[in-house]
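S.K.: I have a structure I would like to understand better, so I am pasting it below and will then ask my questions one at a time.
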Amino acid sequence: MRLTVFSFFSLCSFIWARDEQPNILYIFTDDQSVRSVSAYEKARSWVSTPNIDRLAKSGVRFTQCYTGTWCQPSRASALTGLLQHRLDSIKVTKYPMASYDPKKLPFFPSVLQKNGYETACIGKWHLGEDVGHGRDWDYSVIWDRGSANGRKNC
């Protein structure tokens, strides 16, 4: 089974299956540096993250990242591949809410879905009421929401 999980809790890594399309695990965090994951050379000596380290060893580790100072534009950049000045349809309303036009600003999981992947979003969202359940994600568990547009999140 091909499954994509998008999470906002740890470092970025990909896991590749050998005989089929790769399984992709994309982990995105905010407020975390390379000093807090032992897979990185600059990690603090007391940091121990063996499970994340194992994922990093068998996958891809990103060593440079350009984001913004707020979580909303950072998430939108990660989901679209666009730098913040190109995010023309996202509007930050009352934090943590925002609005965006998914036709103008498509997120990469929708492309994965069109290529046969199952997608999931687990974690905090902070990009508005529309969490993309059914459009971008087959499954979603959003920590500060009980449902997506009146539907169950799983």
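S.K.: Pull out all pairs, ordered by first then second residue, where Cβ-Cβ is under 8 Å, the residues are six or more apart or on different chains, the first lies in the stretch 60-82 and is touching a residue at least 24 places away in the same chain (Cβ under 8 Å) and farther than 21 Å from Lys42 by Cβ, and the second is part of a loop (DSSP other than H, G, I, E, B) and polar (S, T, N, Q).
M.R.: Listed pairs, sorted by first residue: Ala78/Thr67.
S.K.: Follow-up. What tally of residues in the stretch 40-83 results from selecting those that are part of a helix (DSSP H, G or I) and farther than 24 Å from Trp137 by Cβ?
M.R.: Total meeting the criteria: 6.
S.K.: Quick one: how many residues across the stretch 36-66 are within 29 Å of Gln84 (Cα to Cα) and out of contact with any Asp or Glu (no Cβ under 8 Å at 6 or more places or on another chain)?
M.R.: 16
S.K.: OK, next. Which of the residues spanning the stretch 21-59 are over 19 Å from the mean Cα position of the chain (by Cα) and over 27 Å from Leu112 (Cβ atoms)?
M.R.: Passing the criteria: Arg35, Ser38, Glu41, Lys42, Ala43, Arg44, Ser45, Trp46, Val47, Ser48, Pro50.
S.K.: Which of the numbered conditions does Gly128 fail, given that it passes all the others? Conditions: (1) at negative phi; (2) in contact with a Phe, Trp or Tyr (Cβ under 7 Å, 6 or more places away or on another chain); (3) of a type outside the set (Ser, Thr, Tyr).
M.R.: (1)
S.K.: Right, here's the next one. Under 21 Å from Val131 (Cβ atoms) and at pLDDT below 70: is that true of Thr29 in this structure? Steps first, please.
M.R.: Details: under 21 Å from Val131 (Cβ atoms): yes; at pLDDT below 70: no.
For Thr29, the condition - under 21 Å from Val131 (Cβ atoms) and at pLDDT below 70 - is not met.
S.K.: Take the residues in the stretch 60-79 that are within 15 Å of the chain's Cα centre (by Cα) and among the polar types (S, T, N, Q), then tell me which one is surrounded by the most Cβ atoms within 10 Å (Cβ to Cβ).
M.R.: Out of the qualifying residues, it is Gln72.
S.K.: Now for a different question. Could you say whether any residue in the stretch 107-126 is buried (at least 17 other Cβ atoms within 10 Å of the Cβ), of a type outside the set (Asp, Glu) and in contact with a Lys or Arg (Cβ under 6 Å, 6 or more places away or on another chain)?
M.R.: yes
The values are calculated or read from the model by the stated rules, or taken from the named source; none is laboratory data. Since the structure is predicted, the reported quantities are computational estimates derived from the model, not experimental observations. All Cβ positions, even for glycine, are placed from backbone atoms using ideal geometry, and neighbour counts span all protein chains on display.
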